[in-house]
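The values are calculated or read from the model by the stated rules, or taken from the named source; none is laboratory data. If you're wondering where the values come from, they're calculated on a predicted model, not measured in any experiment. Cβ sites come from the backbone with ideal geometry, for glycine too, and all protein chains shown count toward neighbours.
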Amino acid sequence: MGDCEICGRSSDILYIVELEGARMSVCERCSKGKSIISKIGSEHEAPTRPSAREEEPEDEIIEGYGEKIRKAREALGIPMKVLAERINEKESNLVRVENERTLPTEKLVVKLERELNIKLLIKPKADARNSKIKKGKNEPLTLGDIAFRKEPSD
Ligand SMILES: [Zn+2]
């Protein structure tokens, strides 16, 4: 907490900026475009932590899954009844899935994929994900830019 030395506004977060060689603590708005040396008082604003692994979006069942199942099954010459027995599912349930009247369960999808050697799941489109907006950082201040450099005296 403190007051901005430029506009006088009190702010939870203050930035130490360097302005023409002088250091000032200013609010976020006044820090824009200036050389930020440090930021103070922003405890609840967690820094963006690079997570080891991006969250995997859940797989989605493909469009036309019923047809794909049927075609794969027919290509292998497996009657519905036989397939149902092989994967231990009710034939009526498989018929509904093939007709796309019901979505196969995750378990059934796995069994069908393995039995028929097909892919029924796809990754959702990447652009559907919320992309976090990264905050632009000001360029770091170089120590060589100190305004009041001592001249070597003779
Ligand atoms: Zn200000």
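Okay, here's what the table says:
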{"item": "In segment 1-23, the residues that are within 9 Å of the ligand (Cβ to nearest atom) and assigned to a loop (DSSP other than H, G, I, E, B)", "result": "C4, E5, I6, C7, G8, R9"}
{"item": "Selection count, segment 26-79, where residues are within 16 Å of the ligand (Cβ to nearest atom) and modelled with pLDDT under 90", "result": "3"}
{"item": "Segment 1-13 residues that are under 8 Å from C27 (Cβ atoms), paired with ones that are of a type in the set (S, T, N, Q) and more than 6 Å from the ligand (Cβ to nearest atom) (beta carbon under 7 Å, 6 or more apart)", "result": "C4/S11; I13/S42"}
